[in-house]
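The values are calculated or read from the model by the stated rules, or taken from the named source; none is laboratory data. Here the structure is a predicted model, which means the values were calculated and not measured. Note that each Cβ is placed from the backbone with ideal geometry, even for glycine, and that neighbours are counted across all protein chains shown. Keep in mind that these areas ignore ligands, DNA and RNA; they rest on the heavy atoms of the full protein, side chains included. Shrake-Rupley method; radii C 1.70, N 1.55, O 1.52, S 1.80 Å.
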Amino acid sequence: MKVHIIGGGNLGVSIALGIAKFSKNNQVTVTRRNIASIQYLSEYGITVSSDNKHNIQEADVVILTIKPYQVDTVFAEILSAIPGKTIASAVSGLSLDVLQEKTNGTFPVVRIMPNIAAQFGESATCISFPEKDREKALPIVDLFQDLGTAPVIDEKLMDAATVLGACGTAYALRYIRASMQAGIEIGFDSQTALAIAAQTVKGAAKMLLEEKVHPEQLIDRVTTPQGCTIVGLNEMEHNGFSSSLIKGIKTSLKQIKG
Ligand SMILES: NC(=O)C1=CN([C@@H]2O[C@H](COP(=O)(O)OP(=O)(O)OC[C@H]3O[C@@H](n4cnc5c(N)ncnc54)[C@H](O)[C@@H]3O)[C@@H](O)[C@H]2O)C=CC1
Ligand SMILES: O=C(O)[C@@H]1CCC=N1
């Protein structure tokens, strides 16, 4: 597949690298205005350009990884050059209706919500599309399956997916950072504390994904009666651990919905 990514920033680069590393038989072009910091992508066989239209006519799909306020400028520049080409947007808060409106209803459109772990083949990319564009959308679903998981969801949940699946990366990292800081306080050097905290989270996630059980069933296996785990967990909950996460996630969602 020929993939044209407009917006070579944090997300655009992680998708480009993910495709280069984890998906076969693709050609990737990434554009942004100042390309000095992403020239290194050419080492992975990725074409880099400051011209949004470079290679665009050969593309099978144009992926937008730009900020919401950059969309109109980019569409004014590219749409006339790519009639009928599939446009996949990772722009947060940009609904399929608005995407169709901005493209005059004449382009197949797909909404994708990856996260930056795409670069490591571990994104949770939620995808939605209008039924009329299913045929054009399915190869994009396949592509993102190579970069992790790619559930097709109802569009009304796309903002929620942005929070849970994309912002979620930052929440998980903050948990790891806090564990690391606690690890230092209880005796480890920072590198060792980070390595233990990160691997522990990876292990917990792997168990959940493979066993497909409720987290509490696994927690039961860790919490020895009168042991040290349950007292720590309860202290965290007394201090609002779950509640603070839930409130944070709901606040993020309010920000997207405006
Ligand atoms: N960073 C993340 O983890 C995620 C971001 N998103 C969404 O992806 C979009 C991009 O986010 P980030 O990558 O974090 O932002 P970013 O600021 O790192 O990347 C945007 C890139 O677009 C480039 N750009 C700006 N105007 C341009 C133009 N006219 N033509 C070509 N390139 C242009 C900028 O130079 C920049 O490199 C946003 O809409 C964001 O909500 C969605 C999921 C995850
Ligand atoms: O923080 C943001 O607005 C973007 C959307 C999801 C992740 N980053």
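Structure notes:
- Any hit, segment 115-123, residues being away from ligand 1 (no atom under 15 Å from the Cβ), without any contact (Cβ under 8 Å) to a residue 60 or more places away in the chain and surrounded by 15 or more Cβ atoms within 10 Å (Cβ to Cβ): no
- In segment 228-257, the residues that are surrounded by fewer than 11 Cβ atoms within 10 Å (Cβ to Cβ) and on the phi > 0 side of the Ramachandran plot: none
- Criterion (more than 16 Å from Arg174 (Cα to Cα), within 16 Å of ligand 1 (Cβ to nearest atom) and within 26 Å of the chain's Cα centre (by Cα)) met by exactly one of Lys250, Lys206, Lys254: Lys254
- Answer from Ala178, Ala197, Ala204 - the residue that is touching a residue at least 12 places away in the same chain (Cβ under 8 Å) and over 19 Å from Leu164 (Cα atoms): Ala197
- Per the listing Asp142, Asp72, Asp133, Asp97, the residue uniquely within 13 Å of ligand 1 (Cβ to nearest atom) and without any contact (Cβ under 8 Å) to a residue 60 or more places away in the chain is Asp72.
- Between Val110, Val13, Val98, Val48, the distinction of being closer than 27 Å to Ala170 by Cβ, assigned by TED's automatic domain parsing to the domain that holds Ser128 and open to solvent by less than 10 Å² (accessible area, probe 1.4 Å) belongs to Val110 only.
- Failed item, numbered, when Met158 is tested on (1) more than 21 Å from Ile19 (Cα to Cα); (2) open to solvent by 10 Å² or more (accessible area, probe 1.4 Å): (2)
- When residues of segment 21-56 are limited to those that are β-branched (Val, Ile, Thr) and assigned to a helix (DSSP H, G or I), the one farthest from ligand 2 (Cβ to nearest atom): Ile56
- Residue that is within 30 Å of Leu96 (Cα to Cα) and either assigned by TED's automatic domain parsing to the domain that holds Ala118 or touching a residue at least 12 places away in the same chain (Cβ under 8 Å) (or both), where the choices are Lys257, Lys250: Lys257
- Subset of segment 167-189 that is open to solvent by 50 Å² or more (accessible area, probe 1.4 Å) and hydroxyl-bearing (Ser, Thr, Tyr) - its residue that is farthest from the chain's Cα centre (by Cα): Tyr175
- Test result for Phe75, more than 22 Å from Asn115 (Cα to Cα) and aromatic (Phe, Trp, Tyr): yes
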